[in-house]
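The values are calculated or read from the model by the stated rules, or taken from the named source; none is laboratory data. Computed from a predicted structure; not experimentally measured. Here the Cβ positions follow ideal geometry from the backbone for every residue, glycine too, while neighbour counts run over all protein chains shown. Please note that ligands, DNA and RNA were not included when accessible areas were found on the heavy atoms of the full protein model with its side chains. Shrake-Rupley method; radii C 1.70, N 1.55, O 1.52, S 1.80 Å.
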Amino acid sequence: MGTSNARWLMLVSCLAVMALAAGARRSSIHDAVPPPNRAGGVKAQVGGFARADGQRFMVGGRPFYPNGFSAYWLMYMASNPGDRSKVLATLDQASRLGATVIRTWAFNDGGSNRPLQTTPGVYSEDVFVGLDFVIAEAKKRGLYLILSLVNNWGDFGGKTQYVQWAKDQGHNLGSEDDFFRDALAQQFYKKHVERVVTRVNSFTGLAYKDERSIFAWELMNEPRVPTDPSGKTMQAWVTLMSSYVKSIDDKHMVEVGLEGFYGESTPERKRINPGGDSAGTDFIGNNRIPTVDFATIHYYPDVWLPGSTREQQVDFWKTWMASHIEDTAKALRKPLVLAPGMESWADRYAVVLEGSSTTAAIVSQEFARIGGSRP
């Protein structure tokens, strides 16, 4: 979805607030992992595997404060060697501004537009090499990646494609939410997880599960089960799949990909949700699962609050942020990350930051705050 400079800056500021809030117990800014030296080009390297330790992240035994943005399209573009310059430009720009984490897709299911998984268990090597390239180049620049494994939405296949694949094999499914319940759809998803997590990078020679530059696996982009407002379906699916990922890869963190809607475990908080709807998810319940390492929230005021004024959106943002920071600290005692989305490679979430020196300067300042280079 398109956005303005003001919205982008608000999201970056949210990241600063949340990253610092999640690690508020640090004793000194000098204890934090320092931002890598990137002034001279591609020199930085990622440290160790990122871990969640209470309410903060750790790398190499020191606090780590993630900051960055979402760029879903990196694998897609890198799968065509002629488009890789766009990927490199974005990674270079992120590195120069002081970003440390980028969230991107490790899926593209079905269809004819550069799919990663063409049919269940059948993959395009060219597209996989594109993802290899993204991981290898991010690693060179000291950037971590959050890799999302499937989409809730129909873009790039998503749960709709998995349900269709199950129907093609004779399963009588009536809803796209059967993705979370049907045994065959679950099997297809597990096979995809295994294929991605155990993939050997053609550039680095390492299996993805051994790549330090992967910050975390995201089970799904913005999962929702509106057909089960009780939240039981989502709770069962997150429990099953987060445990499954950990059974294959015990080195990386796992997060759900939630937008942050409150559910039945905290019914008094549901009033904070836009429209009061949980979409079948439960921010507290889903993130309490032991095999989930940290919580996420998203923020789309123009979509969630149609017809609202900027002032109303800001008021909602303040309440949304404050409630999740408080609940993550008190109820979950896990880190919290804001994972804003982006719609295309032509908006202000990533590629065109260089087109606005003022925006780039403020983004860099906020990233420096999170990175711990100043109090």
### Query
Whole-Hz Karplus ³J(HN,Hα) for the range 136-152, in order, using 6.51 cos²θ - 1.76 cosθ + 1.60 and θ = phi - 60°, x for Gly and Pro?
5, 6, 4, 4, 4, 9, x, 9, 8, 10, 9, 9, 8, 9, 6, 10, 5
### Query
How far is the Cα center of the range 184-200 from the Cα center of the range 64-140, in Å?
18
### Summary
With label points set 7 Å from each Cα along the Cα-to-Cβ direction at Ser85 and Ile362, the distance between them in nm comes to 3.1
### Query
If contacts are Cα pairs under 8 angstrom and at least 6 residues apart, what is the relative contact order of the range 181-314 in percent?
23
### Message
Can you list residues from other chains, or at least 5 along the same chain, whose modelled amide H is less than 5 Å from the amide H of Leu145?
### Response
Ile102, Ile214, Phe215, Ala216
### Task
For the range 124-249, give the magnitude of the charge dipole about the Cα centre (Cβ charges: +1 Lys/Arg, -1 Asp/Glu; no others), in debye to the nearest 20.
360
### Query
What shape does the range 50-370 have by the C-alpha gyration tensor, where a ≥ b ≥ c are the square roots of the eigenvalues, rounded means a/c under 1.5, and otherwise prolate means a/b greater than b/c and oblate the rest?
rounded
#### Entry: Solvent exposure ordering (accessible area, 1.4 Å, most first) of Lys139, Lys86, Lys191, Lys159
Lys191, Lys86, Lys139, Lys159
### Task
Apply the Karplus parameterisation 6.51 cos²θ - 1.76 cosθ + 1.60, with θ equal to phi minus 60°, to every residue of the range 48-56 and state each ³J(HN,Hα) to the nearest whole Hz, in sequence, with x for glycine and proline.
x, 5, 7, 10, 9, 10, x, 9, 9
### Query
When the solvent-accessible surface of protein heavy atoms is calculated with a 1.4 angstrom probe, in what order do Glu194, Glu366 fall, highest first?
Glu194, Glu366
## Note on the structure
By the C-alpha gyration tensor axes a ≥ b ≥ c (rounded if a/c is under 1.5, else prolate when a/b exceeds b/c, else oblate), the shape of the range 244-293 is prolate
### Query
Stretched out fully, how many nm does the piece from Val303 to Lys191 gain, at 0.36 nm a residue minus the Cα gap?
37.0 nm
## Note on the structure
Relative contact order in percent for the range 50-370 (Cα pairs under 8 Å, 6+ apart) equals 19
### Summary
Over 29 Å (Cα to Cα) among Lys139/Lys191; Lys191/Lys330; Lys246/Lys334; Lys167/Lys209; Lys167/Lys251; Lys190/Lys232 -> Lys191/Lys330; Lys167/Lys209; Lys167/Lys251
